[in-house]
Amino acid sequence: MFNDIGPLELVTIIVLAVLVFGPDKLPKVIQDVTRTIRKIREFSESAKQDIRSELGPEFKDFEFEDLNPKTFIRKQLDNDELGLKEIRNGFDLKKEMAEVTDAVNGRDTDPSVASATSSSAPSVSGARIDMTKKPEEPGKDERPPFDADAT
């Protein structure tokens, strides 16, 4: 419940409680607070049991924690029937990002890919496509296109 409270915060809360309630009333306040928390927990558990009994036997293994979207998704992804563990283990994000970065920068990391890209007709299996922008230079016999609006 209070997993993120450190020792300094706990000491601060105790000192503030002593200052606000005083040393005389502090034990009674602590008893009242613990009694209230206990009643809230009992009420919550009885409500959960009532809901489970009303849902019927087909929902006997229903957990209210599954209503939290994070817990539900985590439970479904951990389900081994979907085969997602194999997909997750086979996917290397760093490698994929390095390949994308190399493709954008026009670098080849694998020598077999470099020989495949040097051929005139790249094959679909292992060749990379050069996606860098290169200005097209007109041949010696060709004139650049005439733009009437530019002159």
Next item on the list: Would you mention how many residues in segment 1-20 are under 28 Å from F64 (Cβ atoms) and either open to solvent by 70 Å² or more (accessible area, probe 1.4 Å) or not in a loop (DSSP other than H, G, I, E, B) (or both)?
Entry: 4
Check: How many residues, within segment 28-48, are basic (K, R) and more than 26 Å from V18 (Cα to Cα)?
Finding: 2
Check: Do you know which of the residues in segment 74-120 that are hydrophobic (A, V, I, L, M, F, W, C) and open to solvent by 100 Å² or more (accessible area, probe 1.4 Å) is modelled with the lowest pLDDT?
Finding: L82
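Conditions (1) on the phi > 0 side of the Ramachandran plot; (2) of a type in the set (A, V, I, L, M); (3) part of a helix (DSSP H, G or I); (4) under 33 Å from the mean Cα position of the chain (by Cα), marked per residue:
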{"residue": "G22", "(1), (2), (3), (4)": "yes, no, yes, no"}
{"residue": "Q31", "(1), (2), (3), (4)": "no, no, yes, no"}
{"residue": "T34", "(1), (2), (3), (4)": "no, no, yes, no"}
{"residue": "I37", "(1), (2), (3), (4)": "no, yes, yes, no"}
{"residue": "E42", "(1), (2), (3), (4)": "no, no, yes, no"}
{"residue": "R52", "(1), (2), (3), (4)": "no, no, yes, yes"}
{"residue": "F62", "(1), (2), (3), (4)": "no, no, no, yes"}
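The values are calculated or read from the model by the stated rules, or taken from the named source; none is laboratory data. Predicted model, so just to flag it, every value in this text is computed and none were measured. Cβ sites come from the backbone with ideal geometry, for glycine too, and all protein chains shown count toward neighbours. What goes into the accessible areas is simple: the full protein's heavy atoms, side chains included, and nothing from ligands, DNA or RNA. Shrake-Rupley method; radii C 1.70, N 1.55, O 1.52, S 1.80 Å.
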